[in-house]
Amino acid sequence: MLRDIVGDLFNGVTVLGFCVLVGLQFYPAPIVKADTTGIVPDTQIVNYKNVEPGDYVFATSIVEGVTQEEIQCLTENLYHEARSDGYAGMYAVAMVTLNRVADPRYPNDVCSVVYQGPVKESWKTKQFKDLPDNQRVYYPRKHRCQFSWYCDGKSDKMYDNDAFWRAVEISNLVLEAATGKYPLVDITEGSTHYHTIEVAPDWRHDRGMMKISRIGDHIFYRWEIL
């Protein structure tokens, strides 16, 4: 009799397990939001359906105090510097960019920070001695920029659609927050520098350079003002 009871119980558990497995095939998995900031950026995005991959046109910013140029500069920086590091990696690069804007040792606007580095004049304008400065063309010196993607000699087109939109979202979020509209949490703790785990630059030993943390494939440092 005990054997019959155990057998019936085993059969019941087997049937129940089968039903659960079948049910999972038709019941959709819950949607999980990974963004823990709790802030939804107030942005306006244009339709890109008729634009070739990599040739994105930025919408005019509707965030008060933030320009379209600033959003474009920061988006390009996040995309090229950290597109493989996901949301947190891009957000960290955005904070480094803003930390440099706030640091008196660097330029005081986003685009100047992103494109900082020595330049050389194009031979096409250099040959004209009387040409006004606003008509001269300059190019960054190869491998001499603060952010390497800008002068590595490679194309700066953004072909990864998902990474592009992630960069746009984060750029709008942090720049709008930086105006004082939202609280802005710096997950890098004031970092001004970073490098990938594949390199070991000499500047990491500079006076006042403090290692903070690793986020994705980058290690972040804060350059103390002594």
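The values are calculated or read from the model by the stated rules, or taken from the named source; none is laboratory data. The structure displayed is predicted, hence computed values, not measured ones. Counting neighbours? That spans all protein chains shown, and the Cβs are built from the backbone with ideal geometry, glycine included.
Only one residue in Thr75, Thr125 is part of a helix (DSSP H, G or I), free of Cβ contacts under 8 Å to residues at least 60 places away in the same chain and either more than 29 Å from Gly208 (Cβ to Cβ) or acidic (Asp, Glu) (or both). Which one?
On the way: Thr75 fails: free of Cβ contacts under 8 Å to residues at least 60 places away in the same chain.
On inspection, the qualifying residue turns out to be Thr125.
Against the list (1) crowded, with 17+ Cβ neighbours inside 10 Å; (2) over 8 Å from the mean Cα position of the chain (by Cα); (3) not aromatic (Phe, Trp, Tyr), the condition Arg105 fails is (1).
Taken together, the residues in segment 184-226 that are closer than 13 Å to Met95 by Cβ, assigned to a loop (DSSP other than H, G, I, E, B) and not β-branched (Val, Ile, Thr) amount to 5. When Val199 is tested against (1) in contact with a Lys or Arg (Cβ under 9 Å, 6 or more places away or on another chain); (2) without any contact (Cβ under 8 Å) to a residue 40 or more places away in the chain; (3) surrounded by fewer than 18 Cβ atoms within 10 Å (Cβ to Cβ), only condition (1) is not met. Restricting the first member to segment 145-169 and to residues that are β-branched (Val, Ile, Thr) and modelled with pLDDT of 85 or more, and the second to residues that are crowded, with 18+ Cβ neighbours inside 10 Å and not in a loop (DSSP other than H, G, I, E, B), the beta-carbon pairs closer than 7 Å and six or more apart or on different chains are Val168/Thr75.
Test Ser155 against the criterion of being within 22 Å of Glu76 (Cβ to Cβ) and small (Gly, Ala, Ser), and give yes or no.
Numbers: within 22 Å of Glu76 (Cβ to Cβ): yes; small (Gly, Ala, Ser): yes.
When the stated conditions are applied, Ser155 passes them.
Do you know which residues across segment 158-183 are surrounded by 12 or more Cβ atoms within 10 Å (Cβ to Cβ) and either touching a strand residue (DSSP E or B) at 6+ places or on another chain (Cβ under 7 Å) or assigned to a loop (DSSP other than H, G, I, E, B) (or both)? Write out each step before concluding.
So in segment 158-183, the residues surrounded by 12 or more Cβ atoms within 10 Å (Cβ to Cβ) come out as 158-161, 163-179, 181-182.
Listed by number, the residues that qualify are Met158, Tyr159, Asp160, Phe164, Thr179, Lys181, Tyr182.
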